[in-house]
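Have a look at the structure below, then the notes.
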Amino acid sequence: MIRLLAPLFLILIASPALAQDGLPALNLTGGDGDTTYSLSLQILILMTVLTVLPSIVLGMSAFTRIIIVLSILRQALGTQQTPPNQVLVAIALFLSFFVMQPVLTDIYETSAGPYLDGTLPADQALEIGRGHLVGFMLENTRQNDLLMFADLAGDEPYATDNDVPLSVLLPAFITSELKTAFQIGFLLFLPFLVIDMVIASILMALGMMMLSPMLVSLPFKLLLFVLVDGWALTMGSLAASFGVGPGG
């Protein structure tokens, strides 16, 4: 777990303000000289970064696709708040760590590790780590989404992957993840929808229109999900959708 979290730790400590012992003042060299920020302002900036860091990290990983698919699956089962939101988030986080482990390991071995050992400058370490993360996002970003945001930004088609700025890649990646998540969710929803329709037709034919079809179909949907080992199939399919597996 330490090796997986080390790249995130690198993002926090790689700024010039934290590269020296303690927390010195931050100096910015401009045309008129140096501008020095007080210690309290540095802490304010650091706390602001920590506030938005979870959203940035989750938006650049496999978390978005996984949590959406799990939420749609719960809705298809009709189990209301079971599993609860905390459990779904925990499952999505652990599965995200599993999917992202190769990328985070590469970042640690080529970027975070050498930087923490003092053998690699912070700017080079950040550039190398950025390259690994950008590679993962590009592999899971649709070309049409990338071209759309590049056109909105007024950029020409990029020659290489390194030329793609994060300001274009991040929204394109999130858009692709949303589309993929809803496609997977649609396929998961279909068999449970068929069960609901069959149960509703049977109840109507029997004249039991006052009995809720959702209530009657729930045990049948749970039975089907358990018999086909639904959780294992869902987790395995989500991991395989990112190229994780023997053929990935």
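Carbon and sulfur atoms: what percent of the 1.4 Å accessible area of the stretch 57-200 do they account for? Don't skip to the answer; put the middle values down first.
Working: 4740 of 7440 Å².
Carbon-and-sulfur percentage of accessible area, whole number: 64.
Could you give the dipole magnitude of the stretch 129-237 about its Cα centre, charging the beta-carbon of Lys and Arg +1 and that of Asp and Glu -1, in debye to the nearest 20? Mind showing how you got there, number by number?
Details: 4 positive and 10 negative charges, 116 e Å.
The calculation lands at about 560 debye.
In whole Å and largest first, what semi-axes does the C-alpha gyration tensor of the stretch 178-248 yield when each eigenvalue is scaled by 5 and square-rooted? List each step's numbers first, then the result.
Details: eigenvalues 212, 34, 11 Å².
Computed over the stretch 178-248, the values are 33, 13, 7 Å.
What is the mean projected area of the alpha carbon convex hull for the stretch 164-213, to one decimal in square nanometres? It would help to have the intermediate numbers written out before the result.
Details: hull surface 18.2 nm².
Computed as one quarter of the Cα hull surface, the answer is 4.5 nm².
Using alpha carbons only, how many angstrom separate the centre of the stretch 188-248 from the centre of the stretch 45-89?
Centre-to-centre distance over Cα atoms comes out at 22 Å.
Give me log10 I(q)/I(0) at q = 0.14, 0.23, 0.25, 0.26 Å⁻¹ for the stretch 43-121, Debye formula, one equal scatterer per alpha-carbon, no solvent.
Once normalised to I(0) and log-transformed, intensities are -0.65, -1.07, -1.11, -1.13.
Points 7 angstrom from Cα along the Cβ direction at TRP231 and THR105: gap in nanometres?
If labels sit at TRP231 and THR105, their model points lie 2.6 nm apart.
How would you classify the stretch 128-201 from its alpha-carbon gyration tensor, with a ≥ b ≥ c the square roots of the eigenvalues: rounded for a/c under 1.5, else prolate if a/b is greater than b/c, otherwise oblate?
Numbers: a/c = 4.87, a/b = 2.74, b/c = 1.78.
Because a/c hits 1.5 or more and a/b exceeds b/c, the stretch 128-201 counts as prolate.
Report relative contact order for the stretch 74-233 in percent, whole number only (criteria: Cα-Cα under 8 Å, sequence separation at least 6).
Working: 89 pairs, mean separation 34.0, N = 160.
RCO, the stretch 74-233: 21 percent.
The values are calculated or read from the model by the stated rules, or taken from the named source; none is laboratory data. Just so you know, these numbers come straight off a predicted model, no measurement behind them. Every residue, glycine among them, receives a Cβ derived from its backbone with ideal geometry; neighbour counts consider all protein chains shown. Calculation scope for accessible area: heavy atoms of the full protein, side chains included, ligands and nucleic acids excluded. Shrake-Rupley method; radii C 1.70, N 1.55, O 1.52, S 1.80 Å.
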